[in-house]
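Heads up, the thing below is written out as structure tokens.
The values are calculated or read from the model by the stated rules, or taken from the named source; none is laboratory data. It should be emphasised that the depicted structure is a prediction, and the values quoted were computed from it without experimental measurement. Glycine also receives a Cβ, built like all others from the backbone with ideal geometry; neighbour counts cover every protein chain displayed. Side chains are part of the model used for accessible areas, which takes the heavy atoms of the whole protein and leaves out ligands, DNA and RNA. Shrake-Rupley method; radii C 1.70, N 1.55, O 1.52, S 1.80 Å.
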Amino acid sequence: MKLTSRSVPRTALGAALLSVTTLGAALLVNAPVAQAATTLGASAAESGRYFGAAVAAHKLSDSVYTGILNSEFTSVTPENEMKLDATEPTQGQFTYTSADRIVAHAAARGMKVRGHTLAWHSQQPGWMQSMEGAPLRSAMLNHVTQVATHYRGKIDSWDVVNEAFADGDGGGRRDSNLQRTGNDWIEAAFRAARAADPGAKLCYNDYNTDDWTHAKTQAVYRLVQDFKTRGVPIDCVGFQSHFNPASPVPSNYQTTLENFAALGVDVQITELDIEGSGSAQASNYDRVTRACLAVARCNGITVWGIRDTDSWRASGTPLLFDGSGNKKAAYTSVLAALNGGTTPPTSTTTTTTTPGGPAGCTATVSLNSWNGGFVATVKVTAGSAAINSWNVTTNLPSGVSVTGSWNAERTGTSGAVQWRNAAYNGKVAAGQSTEFGFQGTGSAGTLTPGCTAG
């Protein structure tokens, strides 16, 4: 199935991990190096790559959303907030509030930002849709210059031009008001972006370019080849990689990445989502991840969201976390691939229920363990009635010490460690859950947490 251009905003989630190298030694206690084996972002960083997600500004107030965002990912892409209609709704009047919120969130946590997108035939504001010719060319270049200048020095990679090639056998340019300003409009946009933000990588981004044999893929390849030959500034090519059973991961996917990289550009998987479920979906995510890892200049992967329910095609359950924020089999396969193809860390789960009836709370702990350390994820679930606060006790074996934690207040680092809810996650509706986690040194063995509710 051909994936068509999207004329309405896509809604998806993003998540990003604290980067030790970016934040510096002062924060090492909160993001120890050992955690690299247990999160997507840190595992990708071990090979010099990022692992990112698309982010919607209005969801940054969702604690489950931001919890995953902050713990798992090292790069963000504003989902709609940097597009033309969002940043210049009225000609000459620029609005950055929502995009600035995402950029600030990323900067505070050492995450990269992919700027998306400066020039596109879709999601243009009404005033631009009605323009043609020289006035449109001038307005487009001014938009590129103004937005790239506003974020100068804050963007790792810009999707300068998005989806400029048509689907079909011909592999020619898409007919759009921008294309009708002249065949050199893409080059003009890239030159304007370089002048405005010389430190950022400049990317061309498109969909249905994953199969090396497709005419559209070859057309984009020729554009990049021409730009490199003539010295037009281009640093990277983005592959959206939206897959489903009718449009699967092609067998030559890695070949496509390799051939573009051989032109002297980075390749980035920019909007990855794969419809499906279970082992089949996990296998496809594994293939894409391993293809990127096999190409030295594939320097990052971005999934277009986090939870399935936040995806622009939610009915296809295409992401790494389910609607409740739980890790799916696809997540485990990606993490294993990032960790060099090894089996994921050992995972064990134990459960205990508060004495005194179902109106209390249940604490469930999952352990990801390796030689010398572990990460524990504790899920607190309310019983038949809502709770306003919770406390959990974890009895750690001798020699085990907590080195970092998140989403809970902690008393102690060894022995009977007490955990209580943070300010934002104490209230839990009946039958619903919240999570906190911690990392430790040593062997945690089998933890049996106790939970009390208030």
(request) Would you be able to tell me the number of residues in segment 146-176 that are more than 26 Å from the chain's Cα centre (by Cα) and either open to solvent by less than 50 Å² (accessible area, probe 1.4 Å) or hydrophobic (A, V, I, L, M, F, W, C) (or both)? (result) 6
(request) Tally the residues that are surrounded by 22 or more Cβ atoms within 10 Å (Cβ to Cβ) and of a type in the set (Gly, Ala, Ser), restricting the search to segment 222-251. (result) 2
(message) Which residue is most open to solvent (accessible area, probe 1.4 Å), if the candidates are limited to segment 310-326 and must be under 23 Å from residue 378 (Cβ atoms) and polar (S, T, N, Q)?
(response) 324
(request) Looking only at segment 430-446, count how many residues are part of a loop (DSSP other than H, G, I, E, B) and either open to solvent by 30 Å² or more (accessible area, probe 1.4 Å) or within 17 Å of residue 381 (Cα to Cα) (or both). (result) 6
(message) Any residue that is under 21 Å from the mean Cα position of the chain (by Cα) and at pLDDT 95 or above - is there at least one of those in segment 214-222?
(response) no
(request) Please state which of the following conditions residue 414 fails to meet, knowing it meets all the rest: (1) within 13 Å of residue 452 (Cα to Cα); (2) polar (S, T, N, Q); (3) open to solvent by 60 Å² or more (accessible area, probe 1.4 Å). (result) (1)
(request) Evaluate segment 210-221: report whether one residue or more is closer than 21 Å to residue 115 by Cβ and surrounded by fewer than 17 Cβ atoms within 10 Å (Cβ to Cβ). (result) no
(request) Would you be able to tell me the number of residues in segment 398-429 that are over 23 Å from residue 385 (Cα atoms), touching a Ser or Thr at 6+ places or on another chain (Cβ under 9 Å) and not in a strand (DSSP E or B)? (result) 6
(message) Can you report the number of residues in segment 365-397 which are under 25 Å from the mean Cα position of the chain (by Cα) and either at pLDDT below 80 or over 19 Å from residue 426 (Cα atoms) (or both)?
(response) 8
(message) Restricting to segment 289-298, give me the number of residues that are surrounded by 21 or more Cβ atoms within 10 Å (Cβ to Cβ) and within 22 Å of residue 235 (Cβ to Cβ).
(response) 3
